[in-house]
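The values are calculated or read from the model by the stated rules, or taken from the named source; none is laboratory data. Since the structure is predicted, the reported quantities are computational estimates derived from the model, not experimental observations. With ideal geometry, Cβ positions are generated from the backbone for all residues, glycine too; neighbour counts draw on all protein chains shown.
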């Protein structure tokens, strides 16, 4: 009686599927996304504050230099250059770099609540750097630049 029984071999169950993912992994994914968003927001805010701080510091240096040399033409030129550099840093270069004259003033006023560059200050900002003698209120120009820089608009375009 040596007959073998027709038994099958032992079958193991299939491997554990990776999908659907356990709830803990979903929680980790949400936390990673939230942390990335917080880091991005902090970085943007820090960059914005740093640009504002540097611009205001440079405006203070321009004001100090003006108190020594009393050259209105140089003051208007320095303020205009500072505003242009800040705008190129903050906004898309293609939107800012080619602006001149009234379009430049409209851009500056459009990105501030109170439109600080109007009337005599606007004319001084546009014409004083290119004329030999041009009388304007230098303190008004400096305060308008300071007001615009203190309320620096949020970033737009490609730069953070």
> Would region 80-95 turn up any residue that is over 30 Å from residue 40 (Cβ atoms), part of a helix (DSSP H, G or I) and touching a helix residue (DSSP H, G or I) at 6+ places or on another chain (Cβ under 7 Å)?
Replying inline: yes
>> Yes or no: region 65-80 includes at least one residue that is farther than 28 Å from residue 130 by Cα and surrounded by 14 or more Cβ atoms within 10 Å (Cβ to Cβ).
In response: no
> Which residues, taken from region 107-126, are part of a helix (DSSP H, G or I), in contact with a helix residue (DSSP H, G or I) (Cβ under 9 Å, 6 or more places away or on another chain) and either surrounded by 14 or more Cβ atoms within 10 Å (Cβ to Cβ) or touching a residue at least 40 places away in the same chain (Cβ under 8 Å) (or both)?
Replying inline: 107, 108, 109, 121, 122, 124, 125, 126
> residue 85 passes all but one of (1) modelled with pLDDT of 90 or more; (2) surrounded by 13 or more Cβ atoms within 10 Å (Cβ to Cβ); (3) more than 16 Å from the chain's Cα centre (by Cα); which number fails?
Replying inline: (3)
> Can you tell me which residues in region 96-106 are in contact with a helix residue (DSSP H, G or I) (Cβ under 9 Å, 6 or more places away or on another chain) and exposed (fewer than 13 other Cβ atoms within 10 Å of the Cβ)?
Replying inline: 97, 100, 101, 102
>> From the list 53, 46, exactly one residue is under 29 Å from residue 104 (Cα atoms), within 13 Å of the chain's Cα centre (by Cα) and modelled with pLDDT of 90 or more. Which is it?
In response: 53
>> Looking for something within 25 Å of residue 65 (Cβ to Cβ), at pLDDT below 85 and in a helix (DSSP H, G or I) - is there at least one such residue anywhere in region 136-157?
In response: no
>> Condition first: within 17 Å of residue 144 (Cα to Cα) and touching a residue at least 60 places away in the same chain (Cβ under 8 Å). Now tell me which residues in region 90-106 satisfy that.
In response: none
